[in-house]
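K.L.:
Starting off with a structure, shown below.
All of the numbers you see were taken from the coordinates with simple rules; none came from a lab. Note that the structure is predicted; figures quoted are calculated from it, not measured. So basically every Cβ, Gly included, is an ideal-geometry build from the backbone, and we count neighbours across all protein chains shown.
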Amino acid sequence: MQKISFMVLGHPRSGTNFLSAILRSHPDVSFITEPFSMHNGFIRLNFFKYWGEESYIQDIFHKDMRDSQASVRFFAEFKKWLMSGNEEVRVFKETTFLMKLKWLKQYLPELNIIYIQRDPKGVVISFKKSGLFLRWNYQEIFYRLSEESKIEHGLSQYAQIIEETSLNNWIDVLTTLYYIATNEARNNLELFRHTNVVYEHLATNTLYAFAEIFNFLGLSISAEVEKEIAERCSETKGGIFSTFRNSRETCFRYKYLLTQEENNLIETKMKRWT
Amino acid sequence: MDIRGHIRNEIKSNLSKIPAGCFMMGSELSKDEMPIYEIYLDPFFIMRYLVTNRQYAAFLNENNVVNNFEGSYKFINAFNRHTRIKFNGSTYIVDSGYENHPVISVNWHGADEFAKWLNCRLPTEAEWEKAARGGIDEKLYWWGNTPPKPYSGNYGEIIGDTTPIGQFSANNFGLYDIEGNVSEWCFDWYDKDYYKKSPMNNPKGPEAGSEKVFRGGNWSYSSNMARVAKRNKFWFMIGKTKLGFRVVFDN
């Protein structure tokens, strides 16, 4: 059986962890959560950076990794893991590759992508409730991106939306970053064989949605997966990264938690630029 | 002070002897757990408790381990803020309050090197399962077939973090945290078809592979992971915040 590999891709707080938890429960799936953004310093320094195809260099994987032999070895070993194994499907999840798909196509040309997207209002409210906007320092991320957009050709199209964003309004900043990252991802997904998943559909038609996703992986839903879905979706518990959620209750919660002004800001911005 | 000797004595004073003999390994609940077959194991001594952050930090400090380099790490994930051992520039220190929690974020090499430091080793998958079953064959969990009750162990995000070792009930061999807290690295490479070709005496897994076996439940995963026969695999180069280990002595 030909080795095939997959990546779960999505903006942070879009349901990527939940999707991953269920995929991982299948006995024929080997899964790694965020091997780069949680285990490699080079990627962490470049988390929200744009990487075009010209930044890929064979043998060292990125033009700025020449002096980081340990990172080069990590990238090489990861690729080896992804391409090895017998008949199981190898999958990993990353949120850091949204603006790096052109580079990724050089690094992992045979990759297939499961792209999950969520209503930006749901993403924003998740950031608000979890305090992650501050913890992950999104204001600084936005500032660096705005500087980078002045010199990086691939980001020049976003100059105007960046200029129109108020740095002191965290919802404005987050919505702009969400738009740029997901727009980049959507525009470059065609480079890969991929499938699109809508979080709200996953949350409300869970078994049916996962049957489609596993079909994309070349698998069927197993008894273990059904059991896992039943256990994880029955009640909401755990911290901000927990994947035990009564998703039918939580996925539309933003309707009650965003103010009208916040709601309008996000909707207007997304409508204008999409 | 002989830190290594102290840690070794501490661990050796809390071992359970698993007597020589046979047990039924596997289950009918997953393809890679089949067939159920009778395995013979020589006697061995296994830690009752998981290796703690305090013990692991001592290992790192005693060996002057250079863990972080060139954007990568050698044994323990330096990039995840949930890793409870931090390097302050000269020493590895444990986050306050986490000294007796199980160490997490250690890759397989990090677990293996700790074991070698103490002249012992990681358990084989067969040893882990025999020890976890506590002498009771053909049950799903070490206590029987009933799924774990909430708060009977640390699993399924009920608590949302690791807990100090030994907080919940021990199995019949005196082992704690089998069903939860953190999962545990084993010695073996993973092969989903291994049970079809495994030797009957002291199996040690295939000669090579790309992933190592880990066993046992953890604070984040569902109750299915608490099954004693459940097999798991993971890339040996990185650690997980749900994955630690315990060690085994041959005598």
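K.L.:
Specify which of the listed residues (A:T33, A:T96) is within 22 Å of A:E147 (Cα to Cα), buried (at least 20 other Cβ atoms within 10 Å of the Cβ) and among the polar types (S, T, N, Q).
P.N.:
Working: A:T33 fails: within 22 Å of A:E147 (Cα to Cα).
Step by step, each of A:T33, A:T96 is checked, and only A:T96 is within 22 Å of A:E147 (Cα to Cα), buried (at least 20 other Cβ atoms within 10 Å of the Cβ) and among the polar types (S, T, N, Q).
K.L.:
OK, next. In the set A:N205, A:N168, A:N187, which member is within 15 Å of the chain's Cα centre (by Cα) and free of Cβ contacts under 8 Å to residues at least 40 places away in the same chain?
P.N.:
A:N187
K.L.:
Shifting gears a bit: Could you tell me whether the stretch B:60-68 includes any residue that is in a strand (DSSP E or B) and more than 18 Å from the chain's Cα centre (by Cα)?
P.N.:
Yes, the stretch B:60-68 has at least one match.
K.L.:
Does the stretch B:37-56 hold any residues that are surrounded by fewer than 22 Cβ atoms within 10 Å (Cβ to Cβ) and without any contact (Cβ under 8 Å) to a residue 60 or more places away in the chain, and which are they?
P.N.:
Selection gives B:P43, B:R54.
K.L.:
Among B:M225, B:M200, which is within 23 Å of A:S242 (Cα to Cα) and either surrounded by fewer than 24 Cβ atoms within 10 Å (Cβ to Cβ) or without any contact (Cβ under 8 Å) to a residue 24 or more places away in the chain (or both)?
P.N.:
B:M225
K.L.:
Filter the stretch A:53-68 down to residues that are surrounded by fewer than 17 Cβ atoms within 10 Å (Cβ to Cβ) and either β-branched (V, I, T) or assigned to a loop (DSSP other than H, G, I, E, B) (or both), then give me how many there are.
P.N.:
So the answer is 7.
K.L.:
Please work out which one of (1) of a type in the set (G, A, S); (2) more than 22 Å from A:A21 (Cα to Cα); (3) part of a loop (DSSP other than H, G, I, E, B) is the condition B:G180 fails and give its number.
P.N.:
B:G180 satisfies all of (1) of a type in the set (G, A, S); (2) more than 22 Å from A:A21 (Cα to Cα); (3) part of a loop (DSSP other than H, G, I, E, B) except (2).
K.L.:
Turning to a different aspect of this structure: Restricting attention to the stretch A:106-135, which residues are over 16 Å from the mean Cα position of the chain (by Cα) and closer than 30 Å to A:R90 by Cα?
P.N.:
Result: A:Q106, A:Y107, A:L108, A:P109, A:E110.
K.L.:
When you go through (1) surrounded by fewer than 22 Cβ atoms within 10 Å (Cβ to Cβ); (2) within 8 Å of another protein chain (Cβ to nearest Cβ); (3) in a loop (DSSP other than H, G, I, E, B) one by one for A:H39, which number turns out not to apply?
P.N.:
(1)
K.L.:
Could you check the stretch A:161-254 for helices (runs of 4 or more DSSP H) lying wholly inside it with 2 or more residues that are surrounded by 17 or more Cβ atoms within 10 Å (Cβ to Cβ) and in contact with a Cys (Cβ under 7 Å, 6 or more places away or on another chain)?
P.N.:
A:199-204
K.L.:
How many of the residues in the stretch A:54-86 are among the basic types (K, R) and farther than 28 Å from B:K212 by Cβ?
P.N.:
Residues that pass the stated criteria total 2.
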